[in-house]
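Enquirer: Here it is: the structure, laid out below.
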Amino acid sequence: MLTFTRQLAKQIRAVLRRALQISASQTDQVVWLVADESGLRFRARNRRATAEYHLPGAAPAESMPITMEALAAC
């Protein structure tokens, strides 16, 4: 199971919105959560840019897509 704080979810959402130039109404933007032995990564991309945030620390191998709306709901 992937876990992270609400504060981190809020920060990631803000950074991705700025980096990818996503408006507040574009809640369907997909963010991939990818975990492995090097840590947890939040990855998103669109026509304008690709952005990734890396949270160091070992985590069980797992990946899953979520939406910006799901990050906002955290």
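Enquirer: Give me a count of the residues in the range 1-47 that are farther than 23 Å from residue 61 by Cβ, surrounded by fewer than 17 Cβ atoms within 10 Å (Cβ to Cβ) and of a type in the set (Gly, Ala, Ser).
Expert: 4
Enquirer: Tell me, which residue of the range 6-32 that is within 9 Å of the chain's Cα centre (by Cα), of a type in the set (A, V, I, L, M, F, W, C) and within 14 Å of residue 74 (Cα to Cα) is modelled with the highest pLDDT?
Expert: The selected residue is 31.
Enquirer: Does residue 63 qualify as being out of contact with any helix residue (DSSP H, G or I) (no Cβ under 6 Å at 6 or more places or on another chain), part of a strand (DSSP E or B) and of a type in the set (Ser, Thr, Tyr)? Break it down stepwise before answering.
Expert: Values: out of contact with any helix residue (DSSP H, G or I) (no Cβ under 6 Å at 6 or more places or on another chain): yes; part of a strand (DSSP E or B): yes; of a type in the set (Ser, Thr, Tyr): yes.
Against the criterion (out of contact with any helix residue (DSSP H, G or I) (no Cβ under 6 Å at 6 or more places or on another chain), part of a strand (DSSP E or B) and of a type in the set (Ser, Thr, Tyr)), residue 63 qualifies.
Enquirer: May I ask you to list the residues in the range 48-74 that are over 13 Å from residue 2 (Cβ atoms), exposed (fewer than 14 other Cβ atoms within 10 Å of the Cβ), among the aliphatic types (A, V, I, L, M) and touching a residue at least 24 places away in the same chain (Cβ under 8 Å)?
Expert: Residues satisfying the conditions are 49, 72.
The values are calculated or read from the model by the stated rules, or taken from the named source; none is laboratory data. Note that the structure is a prediction, hence the values are computed from the model and not measured. Positions of Cβ are generated from backbone atoms using ideal geometry, with glycine treated the same way; all protein chains shown enter the neighbour counts.
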